[in-house]
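**Q** Have a look at this one before I ask anything.
Each value in this text was obtained by applying a stated rule to the coordinates, not by laboratory testing. What you are looking at is a predicted structure, and each value in this text was computed from that prediction instead of being measured. In this analysis, Cβ positions are derived from the backbone assuming ideal geometry, glycine residues included, and neighbour counts consider all displayed protein chains.
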Amino acid sequence: MFKNALILGASGGIGSALVAALTEKGTNVTALSRSRDGFDVTDPASVSGHLGALKGPFDLIILATGKLDGAGLPPEKSLKALSAEAMVDQFATNAIGPALVLRELPRLLPKDAPATVAVLTARVGSISDNHLGGWYSYRAAKAAANQVIRTAAIEIARSHKQACLIAYHPGTVASDFTKDYARDKLPPEAAAEHCLCLMSRLSAAQTGRFYDWKGDEVPW
């Protein structure tokens, strides 16, 4: 299993479950969250300050931050519900935030050993898998995050040849994040186990891909 893990967004439903599961498995876990540590992915100074203070290297990094409601507004059901404020908020949290985190990766990963990085995005960020429409801001921000992840994986592979960086859809996990959406939800503990099971099977051969909680590859 993993020796040193970094979990970002560690106070959320899946983040806290990941911390608990990894700790139980004997992994040394470094956990950062906004509520406990002031780690805010929308603030460049916060990202660089918190991650710059870490020594690493980490053989597992999971970014489990995100939001569904942009600027406090629910996901749009139609074009007329679009709000520039909500879209900007979604991109700040779900696309720009992950990009700022990935910018710090080269220093945090081992150069000559395997390492796995997962950024929690969402299946609705898949352009080819969009059959229902709606949720404009959330979909667009997640699609942007997926592109950032794919691009970063290409660059990181040049200097960290054993690293694997993926976009990951954890399913709909029961938490405050999803309390007003969907009926069938995964308990956080089950979601964490699904995630770690997949992470343990990945290698550099799978870098730059998009997977769901079942281990199936998701089309971009």
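**Q** Please identify the pairs in which a residue from the stretch 38-67 that is touching a residue at least 40 places away in the same chain (Cβ under 8 Å) and more than 21 Å from residue 13 (Cα to Cα) has its Cβ atom under 7 Å from the Cβ atom of a residue that is aromatic (Phe, Trp, Tyr) and crowded, with 17+ Cβ neighbours inside 10 Å, counting only partners at least 6 apart or on another chain.
**A** These pairs meet every condition: 59/2.
**Q** Could you check, for the stretch 102-121, whether at least one of its residues is assigned to a loop (DSSP other than H, G, I, E, B) and hydrophobic (A, V, I, L, M, F, W, C)?
**A** Yes: one or more hits.
**Q** What residue, of 28, 4, is over 22 Å from residue 169 (Cβ atoms) and surrounded by 17 or more Cβ atoms within 10 Å (Cβ to Cβ)?
**A** Checking each option against the conditions leaves just 4.
**Q** Return the pair list, or none, for Cβ contacts closer than 6 Å from residues in the stretch 197-220 that are farther than 10 Å from residue 116 by Cα to residues that are small (Gly, Ala, Ser) and in a helix (DSSP H, G or I), at least 6 apart or on different chains.
**A** 208/153
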